[in-house]
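The values are calculated or read from the model by the stated rules, or taken from the named source; none is laboratory data. Please read all numbers here as calculations on a predicted model, not as lab measurements. FYI the Cβ positions are ideal-geometry reconstructions off the backbone, even for glycines, and counts take in every protein chain you see. The area values use the complete protein model at the heavy-atom level, side chains included, leaving out ligands, DNA and RNA. Shrake-Rupley method; radii C 1.70, N 1.55, O 1.52, S 1.80 Å.
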Amino acid sequence: MDFRFTEEQEFFRTTVRDAVDRLIRPKIQAIDEADEFPRDLWKEFAALGYLGLRHPEQYGGMEADVITSMIFYEELARGSCGFSMAATMQILMGTYFVGRFGSEAIKQRVLVPAIRGEKIGTICFTEDQSGSDIGGTRTTATKVEGGWVLKGRKMWITNGPICDFCTVLASVDPGQGTEGLSFFLVEKGTPGFSVGQTIHKLGSHGSVTGELIFDGVLVPEENLLGEGPGRATRYLTDILNEVRVMTALNACAIANEAMTDAAGYARERVAFGKPIAQYQLIRSKFGSHWAWYEAARLLAYKAAWMIQERLDCQYECMLAKMFATEMCQSAVDEASRIYGGNSFAMEYPQQRWFRDARFTLFGGGCHEVLLNTLGAAYLRRGPSA
Ligand SMILES: Cc1cc2nc3c(=O)[nH]c(=O)nc-3n(C[C@H](O)[C@H](O)[C@H](O)COP(=O)(O)OP(=O)(O)OC[C@H]3O[C@@H](n4cnc5c(N)ncnc54)[C@H](O)[C@@H]3O)c2cc1C
């Protein structure tokens, strides 16, 4: 076993960290307060090439391996969580199906500008009445001559209100449930495609989230992204594995930021004649967090390594996601307690981490749903060897 990152990966981490420190961190508070998509920052960031992290070099991508991409997501989450959410949507989910199944013409029209930061993408699963249960998808795609007509509404779509293109999950055969689902590319300007309400969120400010409406949107045959209709769920595990480990490392980064900041506060803040860091009950919060944080990171990078090695790892990815994001909830809670009343003041950063941490509970699957699947797998086959 070798727990070290390669020299190239360490160097990459330093480079990303430097970019996040220089470009994003000075603006975190301003982005959070404005709660608007930071377009200038997006352009600066795109110029560094990161939006093509996982895509082939021939389209302007970096062709990074899975572990390297996870290093990137972890470092990016040290900056603004909203910006991180918008960027990871573009890098991973928003361009995934276009990159994997798009025709050469689609890649040139959509993927290449997305990597350059000139077009913004997203993915649409969720609807008003169905989130975890994609079998409840009501958006339909009906076959017509030369293409498909999409009808329905998608809710909670990151980058939705500002997107130039989106990958939409729709049912081509409602009687088939999850076996009748397909992904379709829809581009801005296509008649019948519009933006609905914007959702004002608790956290991750700076990413814009909202509703997308498909009112009889006609797309050509080549916009069906996949090897034939009704195959969407076959591809879902691949993308969800990466999304779950990414969310786990986002959670690790948020937890670490909150507790590192709280450590500084604990060293400075004096109560009853000495810094609160000298009280055992305060120290124990750091000791305990350290253990959970290390375990969460190990689990996440082990799952990343398993994806990279193409091992069967859907359960490991769920475990990593669940463990790290629960660790994160506990870390932001403890960090807030260390700040005392100041944790409630908007000018201190603790309230932001507290709010931002909440999303990691839903992204990549709610824990109750993951526990259901994990519990069933455990009863069937026990834990991994
Ligand atoms: C900030 C943000 C950004 C998002 N961005 C996107 C996006 O870009 N694209 C997109 O498609 N979606 C997006 N989503 C939606 C997200 O994917 C869903 O919120 C998530 O899938 C959960 O679905 P839901 O909210 O409908 O909850 P539900 O599925 O309604 O679940 C509600 C509760 O019931 C529990 N539950 C459900 N089923 C079971 C079960 N079988 N057993 C036990 N408990 C169960 C859940 O765990 C949860 O506690 C975003 C959400 C947020 C908050």
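Some observations on this one:
- Those residues of the range 302-334 which are among the basic types (Lys, Arg) and in a helix (DSSP H, G or I), in sequence order: 302, 321
- Qualifying position, being within 16 Å of the ligand (Cβ to nearest atom), part of a helix (DSSP H, G or I) and either in contact with a helix residue (DSSP H, G or I) (Cβ under 9 Å, 6 or more places away or on another chain) or modelled with pLDDT under 95 (or both), among 337, 355: 355
- In the range 122-162, the residues that are open to solvent by 20 Å² or more (accessible area, probe 1.4 Å), in a loop (DSSP other than H, G, I, E, B), near the ligand (Cβ under 9 Å from one of its atoms) and out of contact with any Lys or Arg (no Cβ under 8 Å at 6 or more places or on another chain): 131, 132, 133
- Test set (1) in contact (Cβ under 8 Å) with a residue 24 or more places away in the chain; (2) surrounded by fewer than 17 Cβ atoms within 10 Å (Cβ to Cβ); (3) of a type outside the set (Ser, Thr, Tyr) - residue 323 fails condition number: (2)
- Among residues of the range 179-227 being open to solvent by 20 Å² or more (accessible area, probe 1.4 Å), over 21 Å from residue 110 (Cβ atoms) and more than 16 Å from the ligand (Cβ to nearest atom), the one that is nearest to the chain's Cα centre (by Cα) is 179.
- The range 88-121, residues that are among the aliphatic types (A, V, I, L, M) and either within 19 Å of residue 158 (Cβ to Cβ) or within 11 Å of the ligand (Cβ to nearest atom) (or both): 89, 91, 92, 93, 98, 110, 111, 114, 115, 120
- Among all residues of the range 165-173, there is at least one that is more than 18 Å from residue 93 (Cβ to Cβ) and modelled with pLDDT of 95 or more.
- If only residues of the range 33-53 that are closer than 21 Å to residue 99 by Cα and not in a helix (DSSP H, G or I) are counted, the one that is most open to solvent (accessible area, probe 1.4 Å) is 48.
- Residue 90 of a type outside the set (Ser, Thr, Tyr) and surrounded by fewer than 17 Cβ atoms within 10 Å (Cβ to Cβ): no
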